[in-house]
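The structure appears right after this line, and notes come after that.
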Amino acid sequence: MRRVFVFIILAIVAAALLTLGIQYDTGYVKITYGHWLIESNLWVLVSLNLIALIGLGFVISTLKALIRGSNQSIRWFKIRPKRKANNDSQRGLLAFLEGDWQTAKSLLTQSAQHARMPLVNLLAAANAANQQGNHKESAQILKQAHELDGGSELAASLTQVRLHIENERYEAALAVLTRLRKQHPKHVYVLKLTVQVYRALEDWEHLVACFEGDLAQQLNLSADFERQAWAKLFATYATRLKTEQKNGVYVESLESSLAEVWQRVPSKYRFDEHVIHAYVRELMSVGLSAESEVILRKALEKSWSENLIDAYGRAKGKDATKQLLNAEKWLKSRPNSPRLLLALGRLSLRCELWGKAQEYFSSSLAQQPSLEASAELYRLSCHLNKPAQDTDKQLEHLMQQLHLPELPQPR
């Protein structure tokens, strides 16, 4: 509006000047060119030039407007599919979050070609197809994601792994993860998924190997999980050894392998009572009780544990008398430990010190009644041919530890 007003003012000023000029002098202009001759009033020629300039400006403006309009039309036709794809992508992702798998899969696959991030569309669509149980279609969509130019092969592969795990296809997941670990050896999430797959496959050998790399600290695994993994690995080797022993084959390499596994245990778990208890339990189960006695003694000298002293009482060392004397040294600082007294009773039995064993069992019961101490004392009394009254009393005490319900009995 302001431009129109200015233009009108300028036009009035120009008209006034032109009128003044004509009144002052009309002027004369003569132009010759070859056989052409043009004669005219000066102001008429000026007016014609102005009209020509205005007309030329109008034509130029019109052409510019037409070009601008055509560009906008072309841009609109180009943008429209992308805009629609982005809208469909948003609707598809929203449907995915709401659990509407069919709608999500349709919208995301259809809009993937023109979407801003086609990889995201295809990976989400593959997840949606998998949720529907369409595993073949899910695999096809993942294949498209792998073939995208400029797409992330890692993201597509990780999605493939997660879908394999979700469908319990652990061997297939492990095959992909093995390739990814070679390509991305420092990728923490790849290692986490590998741990998850090894746990599902109960492949404890390779699982604990994941604890030994530089990325182990970044896994943030719980201590209980690591303890469980080491315990399972000990049990695996012990089971192999027991199988060979049952077949009448003595395999020294398996015994050394079990010892080598113990050497692989990190220092933070080397004196952990749970890991030690799991290891010595397997050692004793395959007849390597003497080795377990040494490990238990060193661990107890470093840090006291009621669980480990119980295992020490069960272990059969190379020298039973020396083992008993070692345990009695600990009694000086822990005279009221019921587990230690029970272990001393069992060690006394190994030394065939029946009276001392009976005293230790009785002292353990006096400190804390337990089923094991009652059973040991009853078994010892039976073999010592104690009077029926004494054994009956011990049997009654043993029955009390079982917490049997009060029920009518025949008289």
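The values are calculated or read from the model by the stated rules, or taken from the named source; none is laboratory data. All of these numbers come straight from a predicted model, not from anything done at the bench. A quick note on method: Cβ atoms are made from the backbone with ideal geometry, for glycine too, and the neighbour counts reach across all protein chains shown.
Determine which single condition residue 191 fails, assuming it passes every other condition in (1) surrounded by fewer than 20 Cβ atoms within 10 Å (Cβ to Cβ); (2) closer than 28 Å to residue 125 by Cβ; (3) in contact with a Gly (Cβ under 9 Å, 6 or more places away or on another chain).
Failing condition for residue 191: (1).
Among the numbered criteria (1) of a type in the set (Phe, Trp, Tyr); (2) under 19 Å from residue 192 (Cβ atoms); (3) modelled with pLDDT under 90, which single criterion is violated by residue 250?
(2)
Return the pair list, or none, for Cβ contacts closer than 9 Å from residues in the stretch 31-50 that are closer than 14 Å to residue 14 by Cα to residues that are modelled with pLDDT of 75 or more and surrounded by 10 or more Cβ atoms within 10 Å (Cβ to Cβ), at least 6 apart or on different chains.
As it stands, the answer is none, since no pair meets every condition given.
Tell me yes or no: at least one residue of the stretch 196-216 is outside any helix (DSSP H, G or I) and over 28 Å from residue 282 (Cα atoms). Let's see the steps before the verdict.
Pass one, the stretch 196-216, residues outside any helix (DSSP H, G or I): 202-203, 213-215.
Filter once more, keeping what is over 28 Å from residue 282 (Cα atoms): 214-215.
Yes: the stretch 196-216 contains one or more residues that are outside any helix (DSSP H, G or I) and over 28 Å from residue 282 (Cα atoms).
Restricting attention to the stretch 148-175, which residues are in a loop (DSSP other than H, G, I, E, B) and in contact with a helix residue (DSSP H, G or I) (Cβ under 9 Å, 6 or more places away or on another chain)?
148, 150, 151, 152, 167, 168, 169
Identify all residues within the stretch 88-103 that are exposed (fewer than 13 other Cβ atoms within 10 Å of the Cβ) and not aliphatic (A, V, I, L, M); write none if there are none.
98, 99
I'm told residue 178 meets every condition in (1) touching a helix residue (DSSP H, G or I) at 6+ places or on another chain (Cβ under 7 Å); (2) under 30 Å from residue 216 (Cα atoms); (3) among the β-branched types (Val, Ile, Thr) except one. Can you identify the failing condition by its number?
(1)
Modelled with pLDDT under 95, of a type in the set (Phe, Trp, Tyr) and either outside any helix (DSSP H, G or I) or touching a His at 6+ places or on another chain (Cβ under 7 Å) (or both), is that true of residue 304?
yes
Kindly indicate whether any position in the stretch 224-233 is in contact with a Phe, Trp or Tyr (Cβ under 9 Å, 6 or more places away or on another chain), modelled with pLDDT under 90 and charged (D, E, K, R).
no
Please count how many residues of the stretch 307-335 are in contact (Cβ under 8 Å) with a residue 12 or more places away in the chain, in a helix (DSSP H, G or I) and either more than 21 Å from residue 361 (Cβ to Cβ) or charged (D, E, K, R) (or both).
3
As an exercise: evaluate residue 117 against (1) at pLDDT 80 or above; (2) surrounded by fewer than 16 Cβ atoms within 10 Å (Cβ to Cβ); (3) hydrophobic (A, V, I, L, M, F, W, C) and give the number of the one condition it does not meet.
Only one criterion is unmet by residue 117, namely (1).
Here's the yes/no breakdown for (1) touching a residue at least 12 places away in the same chain (Cβ under 8 Å); (2) assigned to a loop (DSSP other than H, G, I, E, B); (3) farther than 20 Å from residue 90 by Cα; (4) small (Gly, Ala, Ser):
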{"position": "102", "(1), (2), (3), (4)": "yes, no, no, no"}
{"position": "113", "(1), (2), (3), (4)": "yes, yes, no, no"}
{"position": "125", "(1), (2), (3), (4)": "yes, no, no, yes"}
{"position": "133", "(1), (2), (3), (4)": "no, yes, yes, yes"}
{"position": "136", "(1), (2), (3), (4)": "no, no, yes, no"}
{"position": "141", "(1), (2), (3), (4)": "yes, no, no, no"}
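For residue 379, indicate whether it is modelled with pLDDT of 85 or more and within 29 Å of residue 285 (Cβ to Cβ).
no
So how many residues does the stretch 262-275 have that are free of Cβ contacts under 8 Å to residues at least 40 places away in the same chain and part of a helix (DSSP H, G or I)?
The qualifying residues number 6.
Being among the aliphatic types (A, V, I, L, M) and under 38 Å from the mean Cα position of the chain (by Cα) is the filter; apply it to the stretch 289-315 and report the residue that is surrounded by the most Cβ atoms within 10 Å (Cβ to Cβ).
296
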